[in-house]
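Written out below as structure tokens is the structure these notes cover.
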């Protein structure tokens, strides 16, 4: 095991973790949000609609901004955050950035592709089945002129957004908490809880309620965390997370969800309970198949995190 253990090497004082998080989050939200703010202000002056700026929630449709352009603008802060993280990690922690990914000096790119392909496959199967039994709950709206730019923007920006979150939670914070508590269950639970809370500002919270959505966010984070602990690296989680968000952006959207795009399908109603149950099943299938493929030992979740001498 190398991923979590690598945090015992280099310079890993607690204040460096705090400093890294503060710099990347502030930098991402200030520098990365500038294009969004500029476009919103220009469009607001053109349309005379200032309510979106006053509330801090940008209604791209009301501002006359194409939803795909709006999606790209919303994702830029995550891209900036990832770049800042990559640039600052080695000077601050005296370790190569790849160690955040799997504890070595190289990244297993094939595992990112496996995670992406398998998670996308499971989601596609679920969507096809659900559409077959609940056709009336979907609007099929094939518009190539809108769909092609959406696919390009989604494939370009969403994986970077997902990679940033995985690096932060399943990579960086997991190593920090692992170094502190030396317990892999803690590495699964605490970053997953923080991951859920980070999504507390998502529109789904207002639409369905905090206590309805938090278990779903926590569940997804826990699945990615378990896979990362078992696989001794976050590449599979990076791929799965990228597939999840990219799939939702391109193929299915609904009112009150974070990805308001020109997706191929639009759902009329979402049943949060059904989505939670489905999420559990998808997570179990994902973990189970990959455990068989890579011959994981579930006993490793209980294995203490120890410094290698």
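Quick check, is residue 10 modelled with pLDDT of 90 or more and either loosely packed, with under 14 Cβ neighbours inside 10 Å or assigned to a helix (DSSP H, G or I) (or both)? It is false that residue 10 is modelled with pLDDT of 90 or more and either loosely packed, with under 14 Cβ neighbours inside 10 Å or assigned to a helix (DSSP H, G or I) (or both). Of all residues assigned to segment 292-300, at least one qualifies as being at pLDDT 95 or above, crowded, with 18+ Cβ neighbours inside 10 Å and over 22 Å from residue 209 (Cα atoms).
Against the numbered list (1) surrounded by fewer than 19 Cβ atoms within 10 Å (Cβ to Cβ); (2) more than 19 Å from the chain's Cα centre (by Cα), residue 284 comes up short only at (2). If we scan segment 203-218, do we find a residue that is part of a helix (DSSP H, G or I) and under 28 Å from residue 87 (Cα atoms)? Scanning segment 203-218, I find no residue that is part of a helix (DSSP H, G or I) and under 28 Å from residue 87 (Cα atoms), so the answer is no. Could you tell me whether any residue of segment 185-197 is closer than 30 Å to residue 13 by Cα, at pLDDT 95 or above and loosely packed, with under 15 Cβ neighbours inside 10 Å? Yes, segment 185-197 contains a residue that is closer than 30 Å to residue 13 by Cα, at pLDDT 95 or above and loosely packed, with under 15 Cβ neighbours inside 10 Å.
Scanning segment 248-257 for residues that are part of a helix (DSSP H, G or I) and surrounded by fewer than 21 Cβ atoms within 10 Å (Cβ to Cβ) yields 248, 251. Quick one: is residue 279 touching a residue at least 12 places away in the same chain (Cβ under 8 Å), surrounded by fewer than 20 Cβ atoms within 10 Å (Cβ to Cβ) and part of a helix (DSSP H, G or I)? In short, yes.
Given the condition touching a residue at least 60 places away in the same chain (Cβ under 8 Å) and either over 21 Å from residue 85 (Cα atoms) or assigned to a helix (DSSP H, G or I) (or both), answer yes or no: does some residue in segment 189-199 qualify? Scanning segment 189-199, I find no residue that is touching a residue at least 60 places away in the same chain (Cβ under 8 Å) and either over 21 Å from residue 85 (Cα atoms) or assigned to a helix (DSSP H, G or I) (or both), so the answer is no. In segment 13-33, what residues are in contact with a helix residue (DSSP H, G or I) (Cβ under 8 Å, 6 or more places away or on another chain) and assigned to a loop (DSSP other than H, G, I, E, B)? Listed by number, the residues that qualify are 32, 33. Applying the criterion of being touching a residue at least 40 places away in the same chain (Cβ under 8 Å) and under 19 Å from the mean Cα position of the chain (by Cα) to the residues of segment 21-35, the residue that is surrounded by the most Cβ atoms within 10 Å (Cβ to Cβ) is 24.
The values are calculated or read from the model by the stated rules, or taken from the named source; none is laboratory data. Computed from a predicted model, the values in this text were never measured in an experiment. Cβ atoms come from the backbone with ideal geometry, glycine included; neighbour counts cover every protein chain shown.
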